[in-house]
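The values are calculated or read from the model by the stated rules, or taken from the named source; none is laboratory data. Predicted, not measured: the structure shown is a model, and the values here were computed from it. Cβ coordinates were reconstructed from backbone atoms using ideal geometry, including for glycine residues, and neighbour counts include every protein chain displayed.
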Amino acid sequence: MSYRTITAEADKTIGTHANWGGIEAEAVARMRLQNRFQTGLDIARYTAKIMRQDMAAYDADPANYTQSLGCWHGFIGQQKMISIKKHFGSTKGRYLYLSGWMVAALRSEFGPLPDQSMHEKTSVPALIEELYTFLRQADARELGMLFRSLDTARSNGDEMEVKRLESAIDNYETHVVPIIADIDAGFGNAEATYLLAKKMIEAGACALQIENQVSDEKQCGHQDGKVTVPHEDFLAKIRACRYAFMELGIEDGVIVARTDSLGAGLTKQIAFSSEPGDLGDQYNAFLDCEEVSLTDLKSSDVVIARDGKLMKPKRLPSNLFQFRKGSGEDRVVLDCITSLQNGADLLWIETEKPHVQQIAGMVNRIRDAVPDAKLVYNNSPSFNWTLNFRQQVFDAWTEEGKDVSAYDRDRLMSVDYDGSELAVEADKRIQSFQRDAAAQAGIFHHLITLPTYHTAALSTDNLAKEYFGAEGMLGYVRNVQRKEIREGIACVKHQNMAGSDIGDDHKEYFAKEAALKAGGEHNTMNQFAAA
């Protein structure tokens, strides 16, 4: 409904209550528009539709890939979306990513933890709710500024400006965007996964990313020691997530099935198999085994039958079983196909390096079985992007017969090579990586898991070096505040960003001319009016 229609409806309702003195219809309309989403389920329903539309657009043209950056605080997510609207005019195709790694490292009551699902599971839905609280406040702030401009235009008798502002209000684009939320390995069995999924969806998540590692052995995807579960165990958790979406009425909810099999050489279980060729049998076929006879066995040995032979899987002192070396890509392909055939919508293949051809090789095999298979891909800070791409260029040039004698492949990260022809070519490939991978490797969504963890550390280091050093206060003023002013960063008016002006508006609604407002003549934020 339009601003005027909402105002008229509110006026009609107020008119039926003779004792509602002082309640103004236009103030009600403004508050309703500033609180468009009443619940997390409203958000999940709205954002799921956006994701589905974006997935269809990508299927039509891979140039329509989407992007996001990881968040560990609501303010970080808010500022990303404000910045995106500021620089690009729209949030279309830009999401937020909620990283389990950053929740563990930055949000746990235990203090900083590794990415091993040891943090409180409730901290994940709490962060989703926090992110959307900040995004909704960004809407309220921006709309409040439009309302104030509308009042000014009316007082000036500028009808053209009034119409323009009313149109801007009616066509306002929210900061609320999809969040892809990391549920790790489900924090327990399928029932635990279902219960946590419900909490995350109720907080607003329209997309859940779940991985095929063992819940109580979970490791970061870029560390060693990863242990996967048999397919039926993983599919039970995918189904648990789907049931959670369906129970809550989010029929468009998105499930991202992540496989860590490329770098996982271990399994905790031998899969149950009822007949040759079933999923359990296919999983067990990857086990590293040796042929044995009954007389070779010890009391603790486990054996399986393979091709009419008695085989003993290699078992470690940890009671984990080992996969055959070199079987990772085959296991990834099987993981992905079975996930898509059993309720997943998108894939996530965790790799050890950002290499378009490697990813494309796996995706092409998956698409032989599921033609519209699409990926979410982690453009991870765990990769040394500079070194990886310089080495990729070095290897490509070597294969082409180009002279690379001026370069030492093992030292390509050195600053000595910055500005070299090889380094320039590598940077071009980094710049086009997302576009190339979307077109060639089926990647629908590109994200960086931990960007603000690193930017916060870098900016804090720079400020500390200057402020506590010879620069003193100039270190803050020149490199923070002055840049905020020059670059139009809204947070330079931090009182406004924290909601002070919204509060003043409410005070005026509630108390009228008796309102004691913070934004008066002596508010120091007025010093930034020209900014």
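Of everything in the range 475-491, what is farther than 17 Å from I76 by Cβ and either of a type in the set (S, T, Y) or part of a helix (DSSP H, G or I) (or both)? Give them in sequence order. Listed by number, the residues that qualify are G475, Y476, V477, R478, N479, Q481, R482, K483, I485, R486.
Scan the range 116-139 and tell me whether some residue there is part of a loop (DSSP other than H, G, I, E, B) and either within 18 Å of H454 (Cβ to Cβ) or within 15 Å of the chain's Cα centre (by Cα) (or both). No. Scanning the range 1-48 for residues that are assigned to a helix (DSSP H, G or I) and of a type in the set (G, A, S) yields a total of 9.
Taking the criterion of being under 22 Å from the mean Cα position of the chain (by Cα), within 30 Å of Y97 (Cβ to Cβ) and in a strand (DSSP E or B), would at least one residue in the range 238-255 satisfy it? Within the range 238-255 (the criterion being under 22 Å from the mean Cα position of the chain (by Cα), within 30 Å of Y97 (Cβ to Cβ) and in a strand (DSSP E or B)), the answer is yes, since at least one residue qualifies. Scanning the range 143-190 for residues that are part of a helix (DSSP H, G or I), in contact (Cβ under 8 Å) with a residue 24 or more places away in the chain and among the acidic types (D, E) turns up E166, D170.
Restricting attention to the range 292-327, the residues being more than 20 Å from A271 (Cβ to Cβ) and not in a loop (DSSP other than H, G, I, E, B) number 3.
Residues in the range 485-510 that are surrounded by 14 or more Cβ atoms within 10 Å (Cβ to Cβ), under 22 Å from I84 (Cα atoms) and without any contact (Cβ under 8 Å) to a residue 40 or more places away in the chain: I489, V492, K493, Q495, A498. Scanning the range 86-111 for residues that are surrounded by fewer than 24 Cβ atoms within 10 Å (Cβ to Cβ), among the hydrophobic types (A, V, I, L, M, F, W, C) and at pLDDT 95 or above turns up just one, F88. When D233, D216, D281 are checked against the criterion of being free of Cβ contacts under 8 Å to residues at least 24 places away in the same chain, assigned to a helix (DSSP H, G or I) and either more than 19 Å from L98 (Cβ to Cβ) or in contact with a Lys or Arg (Cβ under 8 Å, 6 or more places away or on another chain) (or both), a single residue qualifies: D281.
Let's see how each residue does on (1) modelled with pLDDT under 95; (2) within 25 Å of G361 (Cβ to Cβ):
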site	(1), (2)
F234	no, yes
I238	no, yes
Y243	no, no
I250	no, no
I255	no, yes
S261	yes, yes
A264	yes, yes
Q269	yes, no
P276	yes, no
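Criterion first (farther than 25 Å from A104 by Cβ and of a type in the set (S, T, N, Q)) does S459 satisfy it? Against the criterion (farther than 25 Å from A104 by Cβ and of a type in the set (S, T, N, Q)), S459 does not qualify. Does at least one position in the range 182-201 carry a residue that is within 22 Å of the chain's Cα centre (by Cα), surrounded by 15 or more Cβ atoms within 10 Å (Cβ to Cβ), hydrophobic (A, V, I, L, M, F, W, C) and at pLDDT below 95? Scanning the range 182-201 turns up at least one residue that is within 22 Å of the chain's Cα centre (by Cα), surrounded by 15 or more Cβ atoms within 10 Å (Cβ to Cβ), hydrophobic (A, V, I, L, M, F, W, C) and at pLDDT below 95. For the range 366-382, the tally of residues that are in a helix (DSSP H, G or I) and either without any contact (Cβ under 8 Å) to a residue 24 or more places away in the chain or touching a Lys or Arg at 6+ places or on another chain (Cβ under 9 Å) (or both) stands at 1. Note on the range 389-424: residues that are crowded, with 17+ Cβ neighbours inside 10 Å and outside any loop (DSSP other than H, G, I, E, B) amount to 9. Given the conditions (1) of a type in the set (S, T, N, Q); (2) closer than 16 Å to V176 by Cα; (3) free of Cβ contacts under 8 Å to residues at least 60 places away in the same chain, which single one is not true for T16? Condition (2) is where T16 drops out.
For the range 71-122, the set of residues classified as touching a residue at least 40 places away in the same chain (Cβ under 8 Å) and among the acidic types (D, E) consists of D115 only.
On inspection, S299 passes the criterion of being within 23 Å of N284 (Cβ to Cβ), out of contact with any strand residue (DSSP E or B) (no Cβ under 9 Å at 6 or more places or on another chain) and hydroxyl-bearing (S, T, Y).
Scan the range 440-472 for residues that are among the aromatic types (F, W, Y), farther than 30 Å from Q358 by Cβ and not in a helix (DSSP H, G or I) and jot them down. Result: F468, single match. Comparison of A18, A56 shows that the only residue that is surrounded by fewer than 16 Cβ atoms within 10 Å (Cβ to Cβ), among the hydrophobic types (A, V, I, L, M, F, W, C), farther than 27 Å from R164 by Cβ and at pLDDT below 95 is A18. Selection of the range 344-380 for residues being surrounded by fewer than 20 Cβ atoms within 10 Å (Cβ to Cβ) and under 22 Å from R411 (Cβ atoms) yields E352, K353, H355.
Scanning the range 164-172 turns up no residue that is hydrophobic (A, V, I, L, M, F, W, C) and modelled with pLDDT under 95. Residues in the range 427-483 that are farther than 30 Å from V254 by Cα, aromatic (F, W, Y) and modelled with pLDDT under 95 were compared, and the one that is surrounded by the most Cβ atoms within 10 Å (Cβ to Cβ) is Y467. Filtering the range 337-365 to residues that are over 20 Å from C241 (Cβ atoms) and assigned to a helix (DSSP H, G or I) leaves V356, Q357, Q358, I359, A360, G361, M362, V363, N364, R365.
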